[in-house]
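Written below as structure tokens is the structure these notes are about.
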Amino acid sequence: MAETTSATRGNWNSKMGFILAAAGSAVGLGNIWRFPTEVASNGGGAFLLIYLLCCFAIGFPVMVAELSIGRKTNRNPVGAFKALSSNKFYPLIGFWGVLCGVMILSFYTVVAGWTFSYVFEEILFFTGFTEWAALFADVSHGVKNAIFSVLFMGATVSIILGGVSDGIERATKFLMPVLIGILLIMIGYVAFQPGAEVGFAEYLKPDFSMISAPLVFSAMGQAFFSLSLGMGALITYGSYLSKKENIPEAAAYVTLADVGIAFLAGLLIMPAMYMAESFGVNIFNDSGELLASTDLIFQVLPALFHSLSTTAGLIFGTSFFLLLSMAALTSTISLLEVPTSYVIDEFNVQRKKAATLIGGGILIISLIISFDISLINSIDFIFSTVGLPLGGFLICYFLGYVWKVENVFKELEQGYQGLHTSLFKTIWPIFIKYIAPLAILYNLLEAIGFITYIQELF
Ligand code: TRP
């Protein structure tokens, strides 16, 4: 194993830099593509409520756990479990994380490629060079799609090559405020459009009768996906974190930023759906349910942009997709950083070689699956909705019963002076040892039952 010190492995330059990088990892297509789609297909407000609960009761405690493991060990997820226990089983948690990361990145690259291509599609549309009809079908297949996936992976690899502080940290720093600004302006615009109130009601008024096992399961998966948890991305980011930092505080900022942006995205997209309907976009499927797929982002939002004047449409349409591409980029960076740091640490390979080979390998998977949207959805379900909570459960178990909370406190107190008198110290162990793992386990078992039920139907 390569013996690396924190000095040679790289470190974040500043506390703000770390929080922004972790928030950059969290905020991405998960907030703006995946979240509204999940909300719409799971009955609006009820989903929102359960999702928020999962973020705060499961996500936040697990985030503190991952960051602590990473900072304590200074290692990638596999190496971290090796360092904390001599039992050969536990590094498998890290391996599972690396595998989930690879598979998530493979479909994420495809969707990020679509997002990036829309920057140009919007320009072509507003300058009168393309017709809008059937655009998505055109983008999502074939050569165009492949080109944009390649571009996106290329951008991800080149930032990873820059290393921790120069690459990742610098790229994230200025993007987030601009993204929030654009979201707010657009929410303000949509709020006064016809149909908006229906969308707001759908989103903000929970219908408790909609709460069901599959809904809870999806909400939990979404919480893990959106907060970048369950696969060791934050173990890796924690490994570059200085001992001076207050981990629970940083985790709280990251959680709030991510949940806040997801919430804003819902405030934009739910009303925009009904607005788009008044422009003739079909937002219900054949059985009368809300359309809940990738089309939301790639059809409904463009309908909104196209309702603006040419100049405003050009400005908002292109900058929205550009910012979303950037948000996706700060997420793909964290996804690629996990397998890359694994190979660097454990096999003593240079960063350049590791990032290029792994990025190239994942790109090949992306190019294969990009031809089949249903394949993308299946991989997303297996590795995000199921895989991440499973990883999260194992992390809770490891931390609560193998490494133990007392040892975590020793790690945390270095940057958290008030730890011993804090409410956090009393409450967090209850969540990490009991509430979070039991809630995850219950949902996973329920889901297995649900799957057999589905199988019985056929
Ligand atoms: N959280 C990101 C998003 O919402 C996706 C992501 C980045 C991710 N890194 C991750 C998901 C690690 C799971 C694990 O778009």
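Compute the signed sum of charges (Lys and Arg +1, Asp and Glu -1) over the other residues within less than 13 Å, Cβ to Cβ, of L322.
On the way: positive: none; negative: E121, E122.
That works out to -2.
On a straight-distance basis, which aspartates and glutamates could pair with K352 in a cross-link, Cα separation under 13 angstrom, same-chain partners fewer than 8 positions away excluded?
E337
Sorting I440, I379, I235 on the 10 Å Cβ count, fewest up front, what's the list? Kindly include the intermediate steps, with their values, before the conclusion.
Values: I440 26, I379 19, I235 31.
Going from sparsest to densest Cβ surroundings: I379, I440, I235.
Based only on other Cβ atoms within 10 Å, what is the fewest-to-most ordering of T385, T340? Don't jump to the answer; show the numbers that get you there.
Values: T385 22, T340 28.
Taking fewest neighbouring Cβ atoms as first place, the list is T385, T340.
Work through the residues other than S226 whose Cβ is under 14 Å from its Cβ and net out their charges, Lys, Arg +1 and Asp, Glu -1. Present the calculation step by step, with values, prior to reporting the outcome.
Numbers: positive: R34; negative: E38, D258, D380.
Counting the neighbours of S226, the net charge comes to -2.
Calculate, in nm to one decimal, what L161 and I185 gain on full extension: separation in residues at 0.36 nm each, minus their alpha carbon distance.
Numbers: separation 24, 0.36 × 24 = 8.64 nm, distance 3.49 nm.
Extra length from L161 to I185 when fully extended: 5.1 nm.
For the chain, what does the relative contact order come out to in percent, with C-alpha contacts under 8 Å and a separation of six or more? Don't jump to the answer; show the numbers that get you there.
On the way: 711 pairs, mean separation 158.1, N = 458.
That works out to 35 percent.
Say each of I364 and Q350 gets a label point 7 Å from the Cα, pointing the same way as Cα to Cβ; how far apart are those two points in nm?
Result for the modelled spin labels: 2.2 nm.
Once you place label points 7 Å from the Cα toward the Cβ at E456 and D207, how far apart are they in nm?
For E456 paired with D207, the spin-label model returns 2.7 nm.
What full-extension length gain, to one decimal in nm, is calculated for F381 and L423 as 0.36 nm per residue of separation minus the Cα-Cα distance?
On the way: separation 42, 0.36 × 42 = 15.12 nm, distance 3.59 nm.
Going from the current span to full extension adds 11.5 nm.
Measure nothing fancy, just the Cα-based angle from helix 91-126's long axis to the longest principal axis of the chain, in degrees from 0 to 90, nearest 10.
30 degrees
Enumerate the calculated ³J(HN,Hα) couplings along the range 14-22 in order (Karplus 6.51 cos²θ - 1.76 cosθ + 1.60, θ = phi - 60°), each rounded to whole Hz, writing x wherever the residue is Gly or Pro.
8, 4, 4, x, 5, 4, 5, 5, 5
Okay, helix-only estimate at 222 nm for the chain: each DSSP H run of n ≥ 4 adds -39500 (n - 2.57), divide by all residues, round to 500 deg cm²/dmol; what do you get?
Details: 23 runs with 317 residues, N = 458.
Theoretical 222 nm ellipticity from helices: -22000 deg cm²/dmol.
Through the Karplus equation 6.51 cos²θ - 1.76 cosθ + 1.60, θ set to phi - 60°, convert the phi angles of the range 333-350 into ³J(HN,Hα) values in whole Hz; use x for Gly and Pro.
3J(HN,Hα) across the range 333-350, in whole Hz: 4, 5, 5, 6, 5, 5, x, 5, 5, 4, 5, 4, 5, 8, 10, 6, 8, 5.
Using Cα positions and a limit of under 21 Å, work out the lysines in reach of K15, with same-chain residues fewer than 8 apart set aside.
K72, K173, K243, K244, K410
Distance between Cα centroids, the range 181-218 to the range 242-313: provide it in whole Å.
Comparing the Cα centres of the range 181-218 and the range 242-313, I get a distance of 9 Å.
Where does the charge balance sit around V111 when Lys and Arg score +1, Asp and Glu -1, over other residues with C-beta under 13 Å from its C-beta? Show your work: numbers first, answer last.
On the way: positive: R34; negative: D295, D380.
Result for the neighbourhood of V111: -1.
Quick check: pseudo-label points 7 Å beyond the Cα along Cα→Cβ at L444 and N407, how many nm apart are they?
According to this spin-label approximation, the distance is 2.1 nm.
Multiply the residue separation of S278 and F192 by 0.36 nm, subtract the distance between their alpha-carbon atoms, and state the gained length in nm to one decimal.
Working: separation 86, 0.36 × 86 = 30.96 nm, distance 1.33 nm.
Separation in residues times 0.36 nm, less the Cα-Cα distance, equals 29.6 nm.
Can you compute 3J(HN,Hα) from phi for each residue in the range 69-80, using the Karplus curve 6.51 cos²θ - 1.76 cosθ + 1.60 with θ = phi - 60°, rounded to whole Hz and x for Gly and Pro?
The phi angles translate into 4, x, 5, 4, 9, 6, 9, 5, x, 5, x, 5 Hz.
What are the extents of the Cα atoms of the chain along their three principal axes, in Å, largest first?
Extents along the principal axes: 61, 48, 47 Å.
Values in this text are rule-based calculations from the coordinates and carry no lab data. Remember, it's a predicted structure, so these values are computed and weren't measured experimentally. As a convention, Cβ positions derive from the backbone with ideal geometry for all residues, glycine included, and neighbour counts pool all protein chains shown.
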